Amino acid sequence: MRLNEQMQSKQMYDYPDSTGHFGQFGGIYMAETLIPAVEELRTQYLRFRDDPEFKAEFAYELKHYVGRPSPIYHARRLSDDLGGAQIYLKREDLNHTGAHKINNAIGQALLAKRMGKKRVIAETGAGMHGVAAATVAARFGMECIVYMGAEDIQRQAPNVFRMKLLGATVVPVESGSRTLKDACNEAIRDWVTNVESTFYIFGTAAGPHPYPMMVRDFQCVIGNEAKVQMPEMIGRQPDAVIACVGGGSNAIGMFYPYIEETNVQIIGVEAGGHGIASGQHAAPLTANAKVGVLHGNKVYLMQDENGQIIETHSISAGLDYPGVGPEHCLLKDQGRAQYVAINDDEALAAFDALCRFEGIIPALESSHALAHAMKIAPTMGKDKVLLVNLSGRGDKDINTVARLKGITL
Amino acid sequence: MSRIQSTFDKLKSDKRKALIPFITAGDPSPQLTVPLMHGLVESGADVIELGVPFSDPMADGPTIQRASERALKQGMTLRGVLDMVAEFRKKDTNTPVVLMGYGNPIEAMGWEVFAKRCKEVGVDGVLTVDFPPEESHDAFEHLQRYGIDPIFLLAPTTDDARVERVAKLARGYVYYVSLKGVTGAGNLDLSAIEQKIPQLRKHIKLPIGVGFGIRDAATALAVAKLCDGVVVGSRIVQEIESSTEQNVVANVSKLVKELRQAVNKA
């Protein structure tokens, strides 16, 4: 009976459908010129996804180039200080290039190689996906153009220089709010112009089908590893998995393998900015934003009453995005995952705490997930376990943090 | 018979090609849009494509992006655009008006409300750049119910099977995107258009308009020879951008007259 129920639930959660929809979300909302390109990408991805040679090469790169599996670390001093649930960290910050973004970039680069594309483009917010794209382009001998909002270029200067060192061209985007969404617009404009020669390495589990599915699949290595590692460490799965959500690629990579583990709570943490009530945030799920269409998919989207996309705010460039991946929208509607928001100041406090208690400098993005764990841990028993996806390291953020603290480096 | 169809029927019997100028509603300012529309018609426009400004115009080059920004900064909304068409119809009941833009403002209003309002104010067609046939089913059911023509894009990358699919859904005319790129791009390839149009005609029985990258009388003429109508957007928006509020209607009218003369030679 138990097995039957499990099998039924497995059959029930099978997204996206063949047209790329996660319930009402997702789809391929793109201009006609790019529709054949996303069709081709879908066909090629489905062809190679289960190809033993492709899978073996992906696994090889993840092990020998990225350094996987990433460890899980028990943040004991921090947990002791909080006096409640034990906090464990999935150390994606220890990956080559310092974040989870490389998992997906490798997967897409291997696909680009098989599709004969010599030129790759990417959008980036915090710069971690840009660095990952530049890295794989160097690794596989491809030309790489990275679009980055002018505002983010200022916030993330070290990553801009890293991309340049890796041989990529970084194009500042001056339109709109000069952040991640505008970088996406510009990358799409490049793609429509160079559609035949170019592979768009999209950084998050959003955009037109097949990207939300493909990025999820490449990032699932996070959750798949954790599902093996946690029982090894503590003899069972955690009580909750927690990850930050901008577009939501690190989160879906952690969450997806846990969807059918119904004893494990799933919590996505959005950027609360100056607070949901202030309107200055990047938390469409928490703030109950309306459904809308942007960047190729239908999702919960921060917009005004006239359907114009509104400017978002977050301390962290990687979360500063008005939409969210379609699968998170579905998981929210189904009630399988909960979504909460953490404000700038709370994230900053968590950033400090991890530095001081554990000797780990986390990315400001990941600090949001950690901050939520720190918020709920004291309310839980010491036998409870929270697994936080530490999606990236914080070296790139030291200028931002210094500025916020009024320190000149 | 729809206004778009009767317009193209008449053009055909007169052996003329359509001139379809595009302007962004609310640019350079909301009060100049309706005078500009009348100016376009007086100078020889057969159909007007009226751009609905959007915060994230992914298919547009810098010129039309800036036009959208100018319009939005002055409070332009989809409701406002529809009101402008109502105003335009007080003096002009003949010229088809096609709204062109992105789907989200319409999603926010609701397709049913939008389609009904289109009918009330006299909008004839709707072109939603980021809603391909795959995602258009519900949206266009509403448009059809109110007799609004869904205008679809075809591109150099569109294969035969997709052309056939679009042919079944499209009404009014079909807009062929002449190049791989954004609006206002400079890489127009006439021989590629010449090759593609006969392929499209195998399935498309509607008139075919061609746009993107048409920037002067010479390119307008060359393209007009190959199809049923030319769409000129960025070049006109450029003229709006470089004009003052005092001379913008005159400058745009002069430009459109030149284009008209060129297209008449096709």
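Figures for the structure shown
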| item | result |
| --- | --- |
| Selected residue (only one of B:197, B:193 is among the hydrophobic types (A, V, I, L, M, F, W, C), in contact with a Cys (Cβ under 6 Å, 6 or more places away or on another chain) and either outside any helix (DSSP H, G or I) or touching a residue at least 12 places away in the same chain (Cβ under 8 Å) (or both)) | B:197 |
| Residue among A:114, A:139, A:189 that is within 14 Å of another protein chain (Cβ to nearest Cβ) and charged (D, E, K, R) | A:189 |
| Residue match in the stretch B:36-54 (condition: within 14 Å of chain A (Cβ to nearest Cβ), in a loop (DSSP other than H, G, I, E, B) and not β-branched (Val, Ile, Thr)) | yes |
| Every residue from the stretch A:308-338 that is within 13 Å of chain B (Cβ to nearest Cβ), surrounded by fewer than 24 Cβ atoms within 10 Å (Cβ to Cβ) and touching a Gly at 6+ places or on another chain (Cβ under 7 Å) | none |
| Residue ID - surrounded by the most Cβ atoms within 10 Å (Cβ to Cβ), chosen from residues in the stretch A:113-133 that are in contact (Cβ under 8 Å) with a residue 40 or more places away in the chain and aliphatic (A, V, I, L, M) | A:133 |
| Among (1) in contact with a Phe, Trp or Tyr (Cβ under 7 Å, 6 or more places away or on another chain); (2) buried (at least 23 other Cβ atoms within 10 Å of the Cβ), the one test that residue A:401 misses | (2) |
| Within the stretch B:125-135, considering residues that are out of contact with any helix residue (DSSP H, G or I) (no Cβ under 6 Å at 6 or more places or on another chain) and at the interface with another protein chain (Cβ under 10 Å from one of its Cβ atoms), the one surrounded by the most Cβ atoms within 10 Å (Cβ to Cβ) | B:135 |
| Neighbours by Cβ (under 7 Å, 6+ apart or cross-chain): first from the stretch A:21-45, at the interface with chain B (Cβ under 9 Å from one of its Cβ atoms); second surrounded by fewer than 19 Cβ atoms within 10 Å (Cβ to Cβ) and of a type in the set (A, V, I, L, M, F, W, C) | none |
| Which listed residue, of B:139, B:115, B:155, is in contact (Cβ under 8 Å) with a residue 24 or more places away in the chain, within 13 Å of chain A (Cβ to nearest Cβ) and out of contact with any strand residue (DSSP E or B) (no Cβ under 6 Å at 6 or more places or on another chain) | B:139 |
| Considering residues of the stretch B:215-256 that are touching a strand residue (DSSP E or B) at 6+ places or on another chain (Cβ under 9 Å) and of a type in the set (S, T, N, Q) only, the residue surrounded by the fewest Cβ atoms within 10 Å (Cβ to Cβ) | B:219 |
| Of all residues making up the stretch B:29-39, the number that are farther than 16 Å from residue B:123 by Cβ and within 18 Å of the chain's Cα centre (by Cα) | 4 |
| Qualifying residue in the stretch B:142-152 (condition: within 12 Å of chain A (Cβ to nearest Cβ) and in contact with a strand residue (DSSP E or B) (Cβ under 8 Å, 6 or more places away or on another chain)) | yes |
| The stretch A:203-220: number of residues that are in a loop (DSSP other than H, G, I, E, B) and either more than 23 Å from residue B:156 (Cβ to Cβ) or more than 12 Å from every other protein chain (Cβ to nearest Cβ) (or both) | 6 |
| Some residue of the stretch B:131-139 being modelled with pLDDT of 95 or more and aliphatic (A, V, I, L, M) | no |
| Pairs with Cβ under 7 Å, 6+ apart, first in the stretch B:234-262 and farther than 16 Å from residue B:64 by Cβ, second of a type in the set (A, V, I, L, M) and outside any helix (DSSP H, G or I) | B:256/B:45; B:259/B:19; B:259/B:232; B:260/B:19 |
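The values are calculated or read from the model by the stated rules, or taken from the named source; none is laboratory data. Keep in mind the model is a prediction, meaning the values are calculated, not measured. Ideal geometry is used to build each Cβ from the backbone, glycine not excepted, and the neighbour counts take in all protein chains shown.
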